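**Q** For reference, the structure I am asking about is given below.
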Amino acid sequence: MIVTLAFLIVLILSTLLSTSMNMYLYKVSFSESLHFSLYIELGTRKMIVIAALISGFAAALFLDYRLKKENSQNQN
């Protein structure tokens, strides 16, 4: 659970960081900047971005499962 939570926190913080940098650089509001950060245009290879997010989340879930299994074996 800790690895998955860390993945989600890093994902949210990186989104907020890029949004705040866009706000500063382009002098737009938070909602406009967030929309531009989350909107994926056709030229950005949407499947590569989505595949990276899904594989990162799957890896975090797998690591959490493995750590939980290892901890339960050590307790026995």
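**Q** Pairs, please: C-beta under 6 Å, at least 6 apart or cross-chain, first residue at negative phi and in segment 32-43, second surrounded by 14 or more Cβ atoms within 10 Å (Cβ to Cβ) and modelled with pLDDT of 75 or more?
**A** Partner pairs satisfying both residue conditions: Ser33/Thr19; Ser33/Asn22; Ser33/Met23; Leu34/Thr19; Ser37/Ser18; Ser37/Thr19.
**Q** Return the residues of segment 1-43 that are at pLDDT below 85, part of a loop (DSSP other than H, G, I, E, B) and of a type in the set (A, V, I, L, M); say none if nothing qualifies.
**A** Hits for segment 1-43 are Met1, Ile40.
The values are calculated or read from the model by the stated rules, or taken from the named source; none is laboratory data. Note that the structure is predicted; figures quoted are calculated from it, not measured. Here the Cβ is made from the backbone with ideal geometry for all residues, glycine too, and neighbour counts use every protein chain on show.
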